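The values are calculated or read from the model by the stated rules, or taken from the named source; none is laboratory data. Keep in mind that what you see is a predicted model, and the values were worked out from it rather than measured. Ideal geometry is used to build each Cβ from the backbone, glycine not excepted, and the neighbour counts take in all protein chains shown.
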Amino acid sequence: MFENWTIIEWGILVFDIIAVSIAVWFLRKKIKSKFAEVEARHAFETRRRKNS
């Protein structure tokens with residue numbers, strides 16, 4: 001299968017792998033920041049309830 005590929009197909013494959021890697025990195029960063037935000041909000045609400 002791969003023996004018939006030209007440089008164009010290999011270039012597209014490399015480009016796709018890089019694009020998927022960037023997308024996964026971005027989504028992981030976004031999800032981690034959202035989890036941190038939720039944790040901070042939860043901690044704030046817990047402290048607020050304790051002080052009331």
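Return the residues of region 1-16 that are exposed (fewer than 10 other Cβ atoms within 10 Å of the Cβ) and either modelled with pLDDT of 95 or more or not charged (D, E, K, R) (or both); say none if nothing qualifies.
Hits for region 1-16 are Met1, Phe2, Asn4, Thr6, Ile7, Ile8.
Is it true that Trp5 is without any contact (Cβ under 8 Å) to a residue 40 or more places away in the chain, touching a helix residue (DSSP H, G or I) at 6+ places or on another chain (Cβ under 9 Å) and of a type in the set (Phe, Trp, Tyr)?
yes
Filter the chain for residues that are among the aliphatic types (A, V, I, L, M) and not in a helix (DSSP H, G or I) and give the result.
Residue satisfying the conditions is Met1 alone.
For region 17-50, how many residues are at pLDDT 95 or above and among the polar types (S, T, N, Q)?
Matching residues across region 17-50 total 2.
Looking at Val24, is it surrounded by 10 or more Cβ atoms within 10 Å (Cβ to Cβ) and within 11 Å of the chain's Cα centre (by Cα)?
Here the answer is yes, as Val24 does meet what is asked.
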